[in-house]
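Here's the structure, in structure tokens; my notes come after.
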Amino acid sequence: MSRPPGAALGRPPARLLVPALLGAGFLALPLVALLARTPWSDFLHELTSPAVRDAMRLSLETSLAALVLVVAVGVPLAWTLARVDFPGRTVVRALVIVPLVLPPVVGGVALLSAFGRQGLVGKPLEQAFGISLPFTTAAVVVAHTFVSLPFFVLSVEGALRATDREYDVVAATLGASRWTTFRTVSLPLAGPGLLAGLVLAWARSLGEFGATITFAGNYPGTTRTMPNAIYVALQSDPEAALVLGVILLLVSVAVLALLRERWFDVAVQGSVRA
Amino acid sequence: MSLLDAHVVVRRPGYTLDVRVAAERGDVLAVIGPNGAGKSTLLRALAGVVALDEGHVACDGETWDGPGVRVEARHRKVGMVFQQGLLFPHLTAVGNVAYGRRSGGVGRRQAEGEAQAWLDRLGVGELAGRRPAGLSGGQAQRVAIARALAARPRLLLLDEPLSALDVSVAMSLRLELARHLADFDGVALLVTHDALDAMTVANRVLVLDDGGVAQVGTPAEVARRPATDHVARLVGLNVLRGNSEGTTIRLRDGGVLVSTTTARGAVSACFPPSSVTLTVGEPGGSARNRWAGRVVSVAPHGEAVRVHLDAAGGLIADVTPASSARLGLLPGSEVWATVKATEISVYPEG
């Protein structure tokens with residue numbers, strides 16, 4: 001009954017199969033080339049070189065710091081979008097989506113306009129407190145947060161919407177406040193979406209280049225994250241660029257594996273059981 | 001004063017629900033009526049989930065709704081049981097049942113102890129550690145009932161709690177539900193589509209139709225003298241309306257009915273489906289009440305087969321499976337229906 005109908009319909013036509021094969025090959029070739037050209041014998045040596053190590057450490061720190069900010073504001077934002085009827089909700093949701101489609105370099109320029117020395121908020125901030133954000137490690141975190149927040153909010157909002165709102169009604173008739181309901185019902189039920197959002201947002205932060213280099217610059221040790229380091233190394237130390245590239249590739253593959261539904265089901269059941 | 005005293009008015013475009021309910025401690029009210037009559041809206045308004053446009057709700061000496069007063073759902077002493085159960089899927093049975101008391105600030109150990117006692121009372125104590133996904137429909141609904149009762153409500157609202165269950169499961173749970181509701185010290189409202197629920201579980205029946213109360217009475221009263229066609233069909237009675245002159249009733253939608261009761265003026269003539277005889281050709285014999293019609297539907301109904309006919313504005317007949325087969329009853333079949341005059345009860349309409 002569930003046998004694929006393909007066989008009965010005849011052979012797939014070559015004029016579809018050939019371009020399909022070309023497309024798949026085109027996607028695979030650069031990855032294969034990256035792996036082929038990676039200096040595997042020197043891999044460990046490159047990995048422990050100060051430049052590579054610094055970039056990895058900085059990327060890890062900034063992406064995790066950004067993740068904390070993303071969760072701190074992203075969960076409330078997602079809940080509000082999913083559960084509160086307020087005028088202008090569609091506008092807010094559109095705003096959340098904009099950074100998703102905005103070219104990252106434009107995001108960087110926009111962040112400079114807001115938080116730069118002459119920026120909307122940056123200028124009074126510097127005049128009042130002497131705080132200047134651009135070209136610091138904090139700026140990297142801000143850039144990461146800006147580009148990764150939409151992934152997280154959309155994922156969590158979708159998960160909150162997917163759970164039956166009647167559960168909120170049940171909780172209310174059982175005497176739970178909205179905060180208690182959020183904490184004990186909505187959030188646990190949105191668990192898989194939250195995990196997916198976390199992974200997506202973290203991956204987006206880790207690969208962030210355009211907004212970071214525009215808003216935070218590219219200073220070794222303070223703002224030179226892995227993508228920035230790859231950009232620099234390509235001119236001076238191509239082997240380091242390859243090593244960093246392979247690491248980011250491995251992270252991407254890991255994310256892909258994590259995002260598989262099965263894993264989430266297991267993870268959620270595990271967290272519920274604990 | 002009644003334990004529950006409510007006048008619920010909810011306005012929606014093209015529709016108004018306007019219902020007065022009063023009930024004493026220990027009352028179990030069955031709420032019946034066709035789809036769209038406002039049964040669920042009434043329950044949700046009492047629970048505080050749907051806001052009143054007008055009216056008041058008072059329960060156990062507290063005003064929940066009234067001029068300038070609106071108590072949030074969570075501060076009302078209500079418990080709700082839903083058709084789909086709606087157990088929290090991420091909590092165990094005991095976690096679900098303890099939820100209400102935990103929200104009320106009771107410690108985990110005490111709340112779970114009480115929850116376990118409730119699960120035991122409902123016969124699902126050994127399933128305390130299971131999640132809803134591991135429960136059958138009947139088990140889940142028992143947990144849902146325990147969850148509502150464990151929160152110590154004064155007003156228990158049950159929205160078709162048995163209608164999603166298999167017939168046999170619903171039957172056994174119905175008996176237990178009747179027992180638990182009899183023990184319940186507050187007021188219970190039970191929305192149902194099933195006459196059996198109304199007859200076996202409730203001590204009063206509230207009939208809603210088109211947003212208003214069509215009838216209130218004991219189950220026996222409502223079964224004997226149903227005020228609406230829907231209720232008549234629900235409790236399984238044929239009700240024909242007309243004007244009586246002696247023992248002859250001129251029916252509103254044409255035709256004449258003969259009974260053995262003398263009456264004058266507007267009347268309802270009632271007879272049970274089991275008193276209707278079906279034949280394929282025009283029947284002989286002494287039965288004077290006869291109609292030709294088509295079969296609309298044929299469905300098993302307990303031991304019998306229930307047949308709906310398009311005659312006389314919609315007749316119900318119960319026949320044995322054997323005669324159903326012999327007559328070859330199918331939707332569209334042409335048959336004759338007869339009723340003996342002695343089977344017909346006549347009530348003045350008032």
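Here, each number is a calculation from the coordinates, and none is a lab measurement. Quick caveat: nothing in here was measured; it's all calculated off a predicted structure. All Cβ positions, even for glycine, are placed from backbone atoms using ideal geometry, and neighbour counts span all protein chains on display.
Counting Cβ atoms of other protein chains within 10 Å of each residue's Cβ and taking the mean over peptide B:76-83 gives 3. The convex hull around the C-alpha trace of the stretch B:236-348, projected and averaged over every direction, spans 6.4 square nanometres. Exposure proxy ranking for B:His90, A:His144, B:His7, based on other Cβ atoms within 10 angstrom of each Cβ and starting from the fewest, stands as B:His7, B:His90, A:His144. Could you tell me which residue out of B:Ile32, B:Phe271, B:Ser323 lies farthest along the dipole of chain B toward its positive end? Charges go on the beta carbon: Lys and Arg +1, Asp and Glu -1, centred on the Cα centre. Going by the Cα projections, it comes out as B:Ile32. Expressed as a whole percent, the proportion of Cα-Cα pairs in the stretch A:1-79 lying more than 17 Å apart is 75%.
Couplings 3J(HN,Hα) for the stretch B:157-162, derived from phi with the Karplus relation 6.51 cos²θ - 1.76 cosθ + 1.60 (θ = phi - 60°), are 10, 10, 9, 6, x, 10 Hz, where x marks Gly and Pro.
Equivalent-ellipsoid semi-axes for chain B (Cα gyration tensor, √(5λ), whole Å, largest first): 44, 25, 15. Helix B:137-150 axis versus longest C-alpha principal axis of chain B: approximately 60°, rounded to the nearest ten. For B:Arg130, the residues whose modelled amide H falls within less than 5 Å of its own, excluding neighbours fewer than 5 places apart on the same chain, are B:Ala93, B:Val94. Close amide H pairs (under 5 Å, H built 1.01 Å from N) link A:Gly116 with A:Gly122, residues at least 5 positions away or on another chain.
Taking the number of Cβ atoms within 10 Å of each Cβ as an exposure proxy, the fewest-first ranking of B:Ser323, A:Ser41 is A:Ser41, B:Ser323.
Here the protein assembly as shown carries DSSP beta bridges of which approximately 80% are antiparallel, counting only pairs with both residues inside.
Note on chain A: semi-axes of the ellipsoid equivalent to its C-alpha gyration tensor, largest first and rounded to whole Å, are 34, 32, 19.
If you bin all the Cα-Cα distances of the stretch A:87-180 at 5 Å, starting from zero, the percentages per bin are 3, 11, 15, 15, 14, 12, 9, 8, 7, 5, 1. Inter-chain Cβ neighbour count for B:43-54, averaged per residue, equals 1 (cutoff 10 Å, partner chain atoms only). Compared with the dominant principal axis of the Cα atoms in chain B, helix B:167-183 is inclined by about 60°. By DSSP, the beta bridges lying fully in the stretch B:4-228 are antiparallel in about 60 percent of cases. Across peptide A:161-171, the average count of Cβ atoms from other chains found within 10 Å of a residue's Cβ is 4.
Sorting B:186-193, A:45-52, A:239-246 by average packing, meaning the other beta carbons within 10 Å per residue, from highest down gives B:186-193, A:239-246, A:45-52. Counting neighbouring beta carbons within 10 Å and listing from fewest to most, the residues B:Glu160, A:Glu157 come out as B:Glu160, A:Glu157.
Evaluating 6.51 cos²θ - 1.76 cosθ + 1.60 at θ = phi - 60° for every residue in the stretch B:242-255, the Karplus couplings come out as x, 10, 9, 9, x, 9, 9, 10, 7, 6, 5, 9, x, x Hz, glycine and proline recorded as x.
Sequence-ordered 3J(HN,Hα) estimates for the stretch A:219-232 from the Karplus curve with 6.51, -1.76 and 1.60 and θ = phi - 60° stand at 9, x, x, 10, 10, 8, 7, 4, x, 4, 5, 4, 4, 6 Hz, glycine and proline given as x. Of A:Pro227, A:Pro30, A:Pro104, the residue with the greatest mean-square motion in the GNM of chain A, using alpha carbon springs below 10 Å, is A:Pro30. Three principal axis extents describe the C-alpha atoms of the protein assembly as shown; from largest down they are 113, 72, 48 Å.
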